[in-house]
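Read-outs: derived from the displayed coordinates by stated rules, not from any lab. Predicted, not measured: the structure shown is a model, and the values here were computed from it. A quick note on method: Cβ atoms are made from the backbone with ideal geometry, for glycine too, and the neighbour counts reach across all protein chains shown.
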Amino acid sequence: MSSHGDIELDPYHDSEKEEEEEASTTAPASSSASSSLAEHHKHKSAPPTRNSTKKHKLRHHLLGGEPTHKVFEGDEEAELAAVQKVYNALTPQQVNSLPDDAMVVRHLRAEDGNVDKAIAKLRAALEWRADFGVHDLIHCMEHDGNHTNELAEIMKTENETGKIYVRGFDVDGRAFMYMRPGRENTMNEINNMRHLVWNLEKAIACTARQSVQVHGEGSEPLEKINLLIDYDGFKLRDSPPLSTSKYTLDILQKHYPERMYRAYVLNPPLVFKTFWAIIKPFVDPTTKEKIVFCHGKTGMEKLRAAAGDNADKLEPVAGGKVPVRDFNSDEYLHLPFNVGFDE
């Protein structure tokens, strides 16, 4: 590995000795529902080198569980070569600050394989994560007993109405994250965004755990989540300021690219058309393609089909047909980070 964190992409030799070394140095990832995210990060592997990773394992490690981007037409070697160039442009400090190695791939795919754009966007996202304090946010509820933990108190206030939370999974193990604009209880933009990011990170952690359970031990965890945006009770006066809407889109599109699988908009009222007309110009074309508007019984069947055997875990507003537990904010906030509500 060079001083810039580049990764060898051609470890063709496949000796028994290498396999033994690999087995002795690679820490197993936890897949139990009760494991904490801190434990997950404890075992986060460093970018692999020629001596520690064979080619097929490197491919899975870097490209993750999602399909190769269409721009590479299924050519994993071409995508890996582009990934190499992005890694080479990062400093050792930037490599170490990656929350997961597949973040490089997500930014490359979001920029349709344009290496220069991916490098610029990735550097900006890493800088944003540091400035925004994402690491501290992820772990804030672990230290809830400490009354000086301001972030934990912010999460309690922001979450008390159940305006955002993770509950249930689709058929492949991707988490559903409910968002309810009609339950907005504060107008503090920065705290709104902290609450959003905490839940995004939780949904991502839940997907990583559940997708491996669905597809079997040894499979690569999936990386995308589903948004369920419920407009029940929403009125135009509940619309956030335009700056907050743009900030939300910036976070989703710039700092969490290739993380959204689908966004299901549930029974949007007529007033939503006005709100949508305002924010639509700021939504990139790729994101627009992932938005599914669900109206009435036919619309809910789309969601039930996506959930498969998990359909009975859907809330009634999302097409669920059996009673489910009411959301409990205090319980939710104190669950292990990779566990959603009512699992």
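In table form, for the structure just shown:
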quantity	calculated
Simple spin-label estimate for residue 219 and residue 127 in nanometres, 7 Å along Cα-Cβ	3.9 nm
Sum of side-chain charges, residue 163 neighbourhood, beta-carbon under 11 Å (Lys, Arg +1; Asp, Glu -1)	-3
Sorted by Cβ neighbour density within 10 Å, fewest at the top, the residues 119, 279, 204	279, 119, 204
³J(HN,Hα) computed for each position of segment 280-296 - Karplus, 6.51 cos²θ - 1.76 cosθ + 1.60, integer Hz, glycine/proline x	3, x, 9, 8, 6, x, 5, 5, 4, 5, 9, 8, 10, 8, 10, 10, x
Cα centre as origin, Lys/Arg/Asp/Glu Cβ charges: segment 136-333 dipole, Debye	940 debye
Unsatisfied cross-links (Cα-Cα over 28 Å) in the set 224/280; 246/297; 70/117; 117/224; 156/288	246/297; 156/288
P(r), alpha carbons of segment 136-333 - 5 Å bins starting at zero, rounded %	1, 7, 15, 20, 21, 18, 11, 5, 2, 0
Tensor-based shape of segment 221-327 (alpha-carbon gyration tensor, a/c under 1.5 rounded, otherwise prolate or oblate)	oblate
FRET efficiency estimate (nearest 0.05) - Cβ-Cβ, residue 97 to residue 289, R0 25 angstrom	0.25
